[in-house]
Amino acid sequence: SVPDVAWGKRSRVVLDVGCGVASFGGFLFDRSVVAMSFAPKDEHEAQVQFALERGIPAVSAVMGTKRLPYPGRVFDIVHCARCRVPWHIEGGKLLLELNRVLRPGGFFLWSATPIYQDKTEDVEIWEAMVELTKSMCWELVNKTSKDAVNGVAVAAFRKPTSNDCYEQRSKQEPPVCPESDDPNAAWNVPLQTCMHKVPVDASERGSQWPDRWPERLEKAPYWLSSQVGVYGKAAPEDFAADNEHWKRVVTKSYLNGMGISWSSVRNVMDMNAVYGGFAAALKDLSLWVMNVVPIDSPDTLPIIYERGLFGMYHDWCESFSTYPRSYDLLHADHLFSKLNKRCNLVAIVAEVDRILRPEGKLIVRDNVETINELENMLKSMQWEVRMTYSKDKEGLLCVQKSMWRPKE
């Protein structure tokens, strides 16, 4: 109904709200699209657990009083089918949160009863949505008629790519956010009832649409040029060096040197993703990578999204919002030594044990001291050490979680 969506070319990263068992995300894999799907634990019980068990990306989350753990302007599409979120209430607070995470020029695809049913309540909601989206300067690109098979319809809205409409509104409702409000501040930040201006300066992130997939994966984003990278070089150089580093590590060591049967690995978590180089190096395998950027690290998550990968912010001193035993492989690059200064390492290892499936693998790169400490801890949990290696005070450890559980 909207050819401009161009799945897998122009549109690569999707946010699926109230995803149920995430079938939408599952169907999009064949079209080279990755969907960050989320749903709460509700009366349907553990839908997200079901999704992860099917090998589809999903996290347990809810749209409530706080911002979602994603940067501003990163999703190419936001999708919501039968998601029963009351977008129109409280000044459109929840829809304004979707506006924050949606790229300028990106689409909101909405399929729910107010679009295709004539009940009084549905008609009222549709009218309220038309008014709200208009005041937000979203354009209704298409509203389909009911399809013959399922009897449902879809409305597609598009976010503007300039600020003209915001400035021309007769009523400044919802208001434009103050300059001081950072659209990327997303960890434990209360929801705001305002809209951020669209960046128009050519060197600003969000002023241009990323390259088509897969070209965008290998290219340093256009807005990196003026910054210094995480490892100290100019950001584009830093990005390129990181990309080459992970290609080399993955092809020379991870894919054949560790005895991991990659065909049985479906979901991977990179616990300290930096630029997403590890995930990018795995792109030809049929798996997906959740790229986690810790909240006390440099904010590189927008770069990961610009590459057509996805991930979220997290504080590793807290629990990660997934069900137990839901990941096949965890990867931690120089993370534990950093966390050791801030939180209890034993608690983090317990969380790793919770997230990883029995027979799942953990790969750790860190200083030798931390590797030794981790190795002793994991051995005490009866994990099997597959490989350990050290050189110049740097170490590498690959372990497999066993079926063992302590007796009462």
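The values are calculated or read from the model by the stated rules, or taken from the named source; none is laboratory data. Only a predicted model underlies this, so the values are computations on that prediction, with no experimental measurement involved. Cβ: placed from backbone, ideal geometry, glycine included. Neighbour counts: every protein chain shown. Surface areas here come from the heavy atoms of the whole protein model, side chains and all, with no ligands, DNA or RNA. Shrake-Rupley method; radii C 1.70, N 1.55, O 1.52, S 1.80 Å.
When the stretch 47-89 is filtered for residues that are polar (S, T, N, Q) and at pLDDT below 90, only GLN47 remains. Of the strands (runs of 3 or more DSSP E) lying entirely inside the stretch 67-152, the ones with 1 or more residues being in contact with a Lys or Arg (Cβ under 9 Å, 6 or more places away or on another chain), of a type outside the set (Ser, Thr, Tyr) and on the phi > 0 side of the Ramachandran plot are found at 102-111. Out of TRP383, TRP404, one residue alone is out of contact with any His (no Cβ under 6 Å at 6 or more places or on another chain), among the aromatic types (Phe, Trp, Tyr) and surrounded by 14 or more Cβ atoms within 10 Å (Cβ to Cβ). It is TRP383. Taking first residues from the stretch 226-239 that are assigned by the TED database to the domain that holds LEU301 and more than 17 Å from SER297 (Cβ to Cβ) and partners that are open to solvent by 100 Å² or more (accessible area, probe 1.4 Å) and at pLDDT below 95, the Cβ contacts under 7 Å between residues at least 6 apart in sequence or on separate chains come to ALA234/VAL228. Residues in the stretch 99-115 that are surrounded by fewer than 23 Cβ atoms within 10 Å (Cβ to Cβ) and within 16 Å of CYS165 (Cβ to Cβ): 2 in all. In the stretch 327-364, which residues are within 21 Å of GLY276 (Cβ to Cβ) and open to solvent by 50 Å² or more (accessible area, probe 1.4 Å)? HIS334, LYS338 - these are the residues of the stretch 327-364 that are within 21 Å of GLY276 (Cβ to Cβ) and open to solvent by 50 Å² or more (accessible area, probe 1.4 Å). When ALA279 is tested against (1) more than 22 Å from ALA39 (Cα to Cα); (2) touching a residue at least 40 places away in the same chain (Cβ under 8 Å); (3) not hydroxyl-bearing (Ser, Thr, Tyr), exactly one condition is not met: (2).
Contact map, the stretch 371-383: first residue in contact (Cβ under 8 Å) with a residue 12 or more places away in the chain and in the same structural domain as LYS338 (by the TED database), second residue in a helix (DSSP H, G or I) and surrounded by fewer than 15 Cβ atoms within 10 Å (Cβ to Cβ), Cβ cut-off under 8 Å, separation 6 or more or different chains; pairs are MET377/VAL346. Put simply, of ARG248, ARG266, ARG212 the only residue that is in contact with a strand residue (DSSP E or B) (Cβ under 6 Å, 6 or more places away or on another chain), open to solvent by 20 Å² or more (accessible area, probe 1.4 Å) and among the charged types (D, E, K, R) is ARG266. Out of all the residues in the stretch 289-305, which are open to solvent by less than 20 Å² (accessible area, probe 1.4 Å) and either among the β-branched types (Val, Ile, Thr) or touching a helix residue (DSSP H, G or I) at 6+ places or on another chain (Cβ under 7 Å) (or both)? Scanning the stretch 289-305 gives VAL289, ASN291, VAL292, VAL293, THR300, ILE303, ILE304. Those strands (runs of 3 or more DSSP E) of the stretch 261-378 in which 2 or more residues are among the basic types (Lys, Arg) occupy 356-367. Pairing residues of the stretch 328-344 that are over 22 Å from TRP262 (Cβ atoms) with residues that are aromatic (Phe, Trp, Tyr), at Cβ distances under 6 Å and at least 6 apart in sequence or on separate chains, gives LEU339/TRP316.
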